[in-house]
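Everything on this sheet refers to the single structure shown next.
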Amino acid sequence: MQNASPEITLVNDTTFKIEPSDSILKASLKKGVPFCCECGGRARCSTCRFLVLEGEENLSEINSAERKLRTHIHLPENVRLACQTYVKKGEVEIKRIMNDESDYPLYLRNKLIKNENIGKELRLSLLFLDIRNFTPFVEQHLAFDVIHIIRKLFFSFEKIIEYYDGKIIETVGDGLYAAFGFDKPPKPVPSLL
Ligand code: FES
């Protein structure tokens, strides 16, 4: 019994054996157990946090990455990061930040291993375009004329955004949101003065 593999129980979900060399996050995702991990397991968010219910003494020590984040967001002592925490021995019972199965679609499963962009951080320049007084403008013009003007405006911006190696992230109504600097630093914009 002394050498039995450590075991973890996720409240309202499942119990499984866990390799001491796998973080709780990694072990859960390997098993197909949903676990949130917005930064991809890099100690740069707090979405993999869990509440320790039993067996705190069986968990690994807090490492420097976790300590840094804990200090920043003031995590309580009985809350740990699944991507930085291992079960060394015995049994542990934890609760994730999810209530029931309706939350599952929000959580990444095995995508963590397959999608190398998860958790990637970039320094980008952002552009948000929004037309001032758009609602009264819409009220005073014919619907198809408004659509035409929006399309024309977006088309002009698209060309400028492309020239500066930007990408349009989203367009909604009269709003356009773009980002620059994905593959290389943004080109300098000529001064308008
Ligand atoms: S996944 Fe972001 S801190 Fe663990």
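The values are calculated or read from the model by the stated rules, or taken from the named source; none is laboratory data. Quantities reported herein were computed from a predicted structural model and do not represent experimental measurements. Backbone-built Cβ (ideal geometry, glycine too); neighbour counts: all protein chains shown. The area values use the complete protein model at the heavy-atom level, side chains included, leaving out ligands, DNA and RNA. Shrake-Rupley method; radii C 1.70, N 1.55, O 1.52, S 1.80 Å.
So here's what we get for this one:
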| read-out | value |
| --- | --- |
| Complete set of residues in the range 25-59 that are within 13 Å of the ligand (Cβ to nearest atom) and polar (S, T, N, Q) | S28, S46, T47 |
| Every residue from the range 25-57 that is within 23 Å of E121 (Cβ to Cβ), assigned to a helix (DSSP H, G or I) and either modelled with pLDDT of 95 or more or of a type in the set (A, V, I, L, M) (or both) | L25, L29 |
| Residue that is farthest from the ligand (Cβ to nearest atom), among those in the range 80-98 that are of a type in the set (D, E, K, R) and open to solvent by less than 60 Å² (accessible area, probe 1.4 Å) | R96 |
| Pair list, Cβ under 8 Å, 6 or more apart: the range 69-85 residue basic (K, R) and modelled with pLDDT of 95 or more, other residue open to solvent by 70 Å² or more (accessible area, probe 1.4 Å) and within 11 Å of the ligand (Cβ to nearest atom) | R80/R49 |
| Yes/no for G166 being at positive phi and modelled with pLDDT under 95 | no |
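Okay, residues lined up against (1) basic (K, R); (2) open to solvent by 90 Å² or more (accessible area, probe 1.4 Å); (3) within 28 Å of S102 (Cβ to Cβ):
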| residue | (1), (2), (3) |
| --- | --- |
| P6 | no, no, no |
| D13 | no, no, yes |
| K26 | yes, yes, yes |
| K31 | yes, yes, yes |
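Conditions (1) touching a Gly at 6+ places or on another chain (Cβ under 7 Å); (2) open to solvent by less than 60 Å² (accessible area, probe 1.4 Å), marked per residue:
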| residue | (1), (2) |
| --- | --- |
| S125 | yes, yes |
| R132 | no, no |
| L142 | no, no |
| F155 | no, no |
| E158 | no, no |
| E162 | no, no |
| G166 | no, yes |
